[in-house]
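The values are calculated or read from the model by the stated rules, or taken from the named source; none is laboratory data. Keep in mind that this is a model prediction, so the values were computed, not measured. For neighbour counting, all protein chains shown are included, and Cβ atoms are generated from backbone atoms with ideal geometry for every residue, glycine included. Just the protein is used for accessible areas: all its heavy atoms, side chains included, with ligands, DNA and RNA removed. Shrake-Rupley method; radii C 1.70, N 1.55, O 1.52, S 1.80 Å.
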Amino acid sequence: NKLTGALIIPDTVEKIGSAAFYECSSFTKLKLPNRIKTIEECAFMLCLGLKGKLTIPETCTTLEKSAFAYCQSLTGINFPKNMKVIGDQAFAYCIRLKGTLTIPDNCTYIGRVAFMQNKIKKVVIGKNVEILSYGAFSKCNQLKEFTCNSKKLKEIGEYVFYEDYSLKKMYFKSSKIN
């Protein structure tokens with residue numbers, strides 16, 4: 001497609017459907033609507049031109065599977081404090097994500113390979129995460145520090161930190177883990 005420049009979605013939109021902008025690789029900036037609640041699966045997958053830091057509005061609570069997977073020019077994410085679910089592969093293969101990733105306190109679920117393969121150096125998990133799914137932070141080769149502030153953590157899935165060779169510090173608040 002030939003969509004270029006900024007994609008500004010009207011504030012009347014509350015949901016972005018599955019694959020709505022799949023492979024729209026030419027636009028470079030995204031302004032999400034202030035009323036958005038859900039971004040469905042693959043909505044922005046393979047938007048290769050989308051770059052810089054993505055800000056998700058405060059009203060958004062759910063990012064479904066592969067919502068922003070393979071957005072290879074994203075460098076950061078600002079999650080809203082109301083975010084509850086970060087779906088499977090939501091930001092997988094966003095290879096230029098860097099710096100600190102902060103998961104808000106209201107988030108309860110981080111999906112399978114949600115942040116696989118990026119350049120994040122530090123992860124801070126909020127107070128209510130219950131599940132870190134399979135491979136959630138795998139192949140994050142520059143990840144040095146991981147802090148989990150949740151006292152509700154019930155599950156750490158297989159391969160969560162697979163091939164995270166730079167990981168030097170890991171902190172967990174006291175919680176019951178299955």
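Summed over region 155-168, residues that are open to solvent by 100 Å² or more (accessible area, probe 1.4 Å) and either over 20 Å from Val113 (Cα atoms) or of a type outside the set (Phe, Trp, Tyr) (or both) total 2. Note on region 77-122: residues that are surrounded by fewer than 22 Cβ atoms within 10 Å (Cβ to Cβ), among the β-branched types (Val, Ile, Thr) and farther than 17 Å from Ile156 by Cα amount to 3. Residues that are within 15 Å of the chain's Cα centre (by Cα), of a type in the set (A, V, I, L, M), within 15 Å of Ala136 (Cα to Cα) and surrounded by 15 or more Cβ atoms within 10 Å (Cβ to Cβ) are absent from region 38-57 altogether. Tallying residues that are assigned to a loop (DSSP other than H, G, I, E, B), among the polar types (S, T, N, Q) and under 17 Å from Phe91 (Cβ atoms) within region 19-42 yields 1.
For region 157-171, the condition of being under 25 Å from Ile39 (Cβ atoms), at pLDDT 95 or above and not β-branched (Val, Ile, Thr) holds for at least one residue.
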